[in-house]
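Right, one structure below, let's go through it.
What follows is calculated from the coordinates using simple rules that are stated; it is not laboratory data. Nothing here was measured: the structure is a model prediction, and the numbers come from that model. Positions of Cβ are generated from backbone atoms using ideal geometry, with glycine treated the same way; all protein chains shown enter the neighbour counts.
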Amino acid sequence: NAGVTQTPKFRVLKTGQSMTLLCAQDMNHEYMYWYRQDPGMGLRLIHYSVGEGTTAKGEVPDGYNVSRLKKQNFLLGLESAAPSQTSVYFCASSYVGSYNEQFFGPGTRLTVL
Amino acid sequence: AQSVAQPEDQVNVAEGNPLTVKCTYSVSGNPYLFWYVQYPNRGLQFLLKYITGDNLVKGSYGFEAEFNKSQTSFHLKKPSALVSDSALYFCAVRVASGGSYIPTFGRGTSLIVHP
């Protein structure tokens, strides 16, 4: 049981390049989330999904797109990276129900030059 | 709307002393409250949660938290701090019903335990 995994762990992009971050979970969770963590800002929700084939915007969705084609995977895309997107990105998942805790991946450290 | 405040960016405590990390919340309705810990270069790990019942909740690594409805607080506590407790701690809240299942996180409190 690997829990929540994220690929890649580190990435350096140039401004304008695109990339996709992959999140996978093997716990059969319905809900999945993408956050970014910046110093002094805590965790900010980018997008989330409440089930396969559904996605919704979070607090800071601009510049990002997501897809949830399979229940176990949640992809985060940057179409045209900007230096402001330099951050640590975390994926999380949880069971249905607001009383259930989230399980987090180890993070992806992204630098945009 | 729901929100969480962690009023201290950093808490310093000596090893062996009790520690408290503060959290206050605001929700329209009953809350579900969570504490997570983040060690350096790692993802967040669940520590404990309050759903209903006893106001004192016990969690992992000897941590506990007290739910106080009148003060809308959910402070994290440990009777005797360890150097290994040094980490970033996040409080989170969700409304129990009638709202989004998406939690709101505080900005985090850095706990530093000195030997």
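If a residue counts only when it is more than 15 Å from the chain's Cα centre (by Cα), which strands (runs of 3 or more DSSP E) contained entirely in region B:14-76 have at least 2 such residues? Walk me through how you get there before you give the answer.
Working: elements: B:19-21, B:24-26, B:31-38, B:44-50, B:56-58, B:64-68.
Qualifying strands (runs of 3 or more DSSP E): none found.
Could you list all residues from region B:99-115 that are at the interface with chain A (Cβ under 10 Å from one of its Cβ atoms) and either in contact with a Gly (Cβ under 8 Å, 6 or more places away or on another chain) or not hydroxyl-bearing (Ser, Thr, Tyr) (or both)?
The answer is B:GLY99, B:TYR101, B:ILE102, B:PRO103, B:PHE105, B:GLY106, B:ARG107, B:GLY108.
Among (1) more than 10 Å from chain B (Cβ to nearest Cβ); (2) in contact with a Pro (Cβ under 8 Å, 6 or more places away or on another chain), where does A:GLN6 come up short?
Unmet condition: (1).
Restricting to region A:55-113, name every residue that is within 23 Å of A:MET27 (Cβ to Cβ), within 14 Å of chain B (Cβ to nearest Cβ), part of a loop (DSSP other than H, G, I, E, B) and of a type in the set (A, V, I, L, M, F, W, C).
A:VAL96 - this is the single residue of region A:55-113 that is within 23 Å of A:MET27 (Cβ to Cβ), within 14 Å of chain B (Cβ to nearest Cβ), part of a loop (DSSP other than H, G, I, E, B) and of a type in the set (A, V, I, L, M, F, W, C).
Provide a single number: the residues in region B:77-93 that are within 14 Å of chain A (Cβ to nearest Cβ) and either part of a helix (DSSP H, G or I) or over 13 Å from the mean Cα position of the chain (by Cα) (or both).
Total meeting the criteria: 0.
For region B:42-55: of the residues being free of Cβ contacts under 8 Å to residues at least 12 places away in the same chain and in contact with a Gly (Cβ under 8 Å, 6 or more places away or on another chain), which is surrounded by the fewest Cβ atoms within 10 Å (Cβ to Cβ)?
B:ARG42
Kindly list, by first and then second residue, each pair from a residue in region B:56-72 that is surrounded by 12 or more Cβ atoms within 10 Å (Cβ to Cβ) to a residue that is in a loop (DSSP other than H, G, I, E, B) and of a type in the set (Lys, Arg), limited to pairs with Cβ atoms under 8 Å and residues at least 6 apart or on different chains.
Nothing qualifies.
Name the pairs: first residue in region B:3-16 and without any contact (Cβ under 8 Å) to a residue 60 or more places away in the chain and within 14 Å of chain A (Cβ to nearest Cβ), second residue part of a strand (DSSP E or B) and of a type in the set (Val, Ile, Thr), Cβ to Cβ under 8 Å, at least 6 apart or on different chains?
B:PRO7/B:THR24
Take the residues of region A:57-96 that are under 22 Å from A:ASN1 (Cα atoms), free of Cβ contacts under 8 Å to residues at least 60 places away in the same chain and not aliphatic (A, V, I, L, M): which is surrounded by the most Cβ atoms within 10 Å (Cβ to Cβ)?
Going through the qualifying residues, I end up with A:PHE74.
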